Amino acid sequence: GNEWNEKLGALPPKETAKAKEYETKANDYFKKAVVNFEKSYEVTPDKQTKQQLRKLFLRLGETEKALKYSDKKNADLTKIKIGMLKSEVISLIGLPDSTSTTKTNTETTELLIYLNGSINLDSTGKVDYINQIK
């Protein structure tokens, strides 16, 4: 699957048909991997296999199945309001699963990524967008 992901990432933006083909092939490999990881987890339920299953299900867009293999629960994003500071967000719903930073010539923004959504922080560190996955 990762090989097709790399090919997908190397395509120019105008190659949408090829991109769709590569994405489908990558997902086919990831779906096959899920079957093997699930069998392994049934025999030996270890933390690494559990994490890999969660990542695979998230990659495939299957959030509910990913929750089954997550130690974390859905964050209550309804508590978050536009204009809140990052520190307020973390104190209310905890640390994000991961973060992503985007730098442009004029500003740097940060994305806090949770299992069930994401929160965008503007260049001043305040919430300016909330995306909840249902």
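The values are calculated or read from the model by the stated rules, or taken from the named source; none is laboratory data. Predicted model, so just to flag it, every value in this text is computed and none were measured. Every residue, glycine as well, gets a Cβ built from its backbone with ideal geometry; the counts of neighbours run over all protein chains shown.
Kindly check whether there is at least one residue in the stretch 70-86 that is surrounded by 13 or more Cβ atoms within 10 Å (Cβ to Cβ) and assigned to a helix (DSSP H, G or I). Checked the stretch 70-86: at least one residue is surrounded by 13 or more Cβ atoms within 10 Å (Cβ to Cβ) and assigned to a helix (DSSP H, G or I). Sub-9 Å Cβ pairs linking a first residue in the stretch 16-36 that is touching a residue at least 12 places away in the same chain (Cβ under 8 Å) to a second residue that is surrounded by 11 or more Cβ atoms within 10 Å (Cβ to Cβ) and basic (Lys, Arg), at least 6 apart or interchain, are Tyr22/Lys7; Lys25/Lys7; Ala26/Lys7; Ala26/Arg59; Asn27/Arg59; Phe30/Arg59; Val34/Lys65, ordered by first then second residue. Only one residue in Glu42, Glu62, Glu38 is modelled with pLDDT of 85 or more and surrounded by fewer than 10 Cβ atoms within 10 Å (Cβ to Cβ). Which one? Glu42 is the lone residue from the list that is modelled with pLDDT of 85 or more and surrounded by fewer than 10 Cβ atoms within 10 Å (Cβ to Cβ). Answer yes or no as to whether Leu53 is surrounded by 17 or more Cβ atoms within 10 Å (Cβ to Cβ), assigned to a strand (DSSP E or B) and in contact with a helix residue (DSSP H, G or I) (Cβ under 7 Å, 6 or more places away or on another chain). No, not satisfied. I'd like the full set of residues that are without any contact (Cβ under 8 Å) to a residue 12 or more places away in the chain, surrounded by 12 or more Cβ atoms within 10 Å (Cβ to Cβ) and not in a loop (DSSP other than H, G, I, E, B), limited to the stretch 91-128. Within the stretch 91-128, Asn120 is the sole residue that qualifies. Within the stretch 85-100, the set of residues being under 12 Å from Ile119 (Cα atoms) and not acidic (Asp, Glu) comprises Leu85, Lys86, Val89, Ile90, Ile93, Leu95, Pro96, Ser98, Thr99, Ser100.
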